[in-house]
Amino acid sequence: MTATADRDPGLQPERTRLAWRRTTLTATVVALLAGRQALHSGATPAALVAVALSALAWLGFLLVAHRRVSVLDVARPEQLAPRGALTTALCTVALAVFAAAMLF
């Protein structure tokens with residue numbers, strides 16, 4: 001049997017869709033905690049810039065995740081484009097960097 005015949009077309013896209021949703025929820029929590037931290041630390045201009053950049057990174061991640069989840073509705077979804085993967089990685093790293101910057 002080939003790998004194509006063994007593949008269940010319904011389960012893997014569903015697991016991938018759920019993973020994207022969990023990751024989007026995590027990014028949302030990180031962005032909200034960044035905003036909360038900035039407001040509780042006195043809302044300095046640097047903190048506000050970090051919050052704005054965090055929100056921008058979150059929106060970029062949300063856009064890629066939404067596109068990816070909507071593509072997963074078919075039995076054989078297309079692969080994630082390199083541009084989408086790069087955007088996702090950059091947004092994730094940016095959220096981490098902006099969160100670290102707010103601590104200092």
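The values are calculated or read from the model by the stated rules, or taken from the named source; none is laboratory data. Bear in mind the structure is a predicted one, so any value in this text is a computation, not a measurement. With ideal geometry, Cβ positions are generated from the backbone for all residues, glycine too; neighbour counts draw on all protein chains shown. Side chains are part of the model used for accessible areas, which takes the heavy atoms of the whole protein and leaves out ligands, DNA and RNA. Shrake-Rupley method; radii C 1.70, N 1.55, O 1.52, S 1.80 Å.
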- Query: To the nearest 10 square angstrom, how much accessible area does THR88 have with a 1.4 angstrom probe?
  - Reply: 20 Å²
- Computed [θ] at 222 nm, helices only, for the chain once each DSSP H run of length n ≥ 4 contributes -39500 (n - 2.57): -27500 deg cm²/dmol
- Query: So what does SER70 come to for accessible area, using a 1.4 Å probe and Å² rounded to 10?
  - Reply: 60 Å²
- Note on the structure: Per the rule of 0.36 nm per residue minus the C-alpha distance, extending ARG15 to LEU32 adds in nm 3.5 nm
- Note on the structure: Toy charge model, Lys and Arg Cβ at +1, Asp and Glu Cβ at -1: the chain dipole around Cα centroid in debye, rounded to 20, equals 80 debye
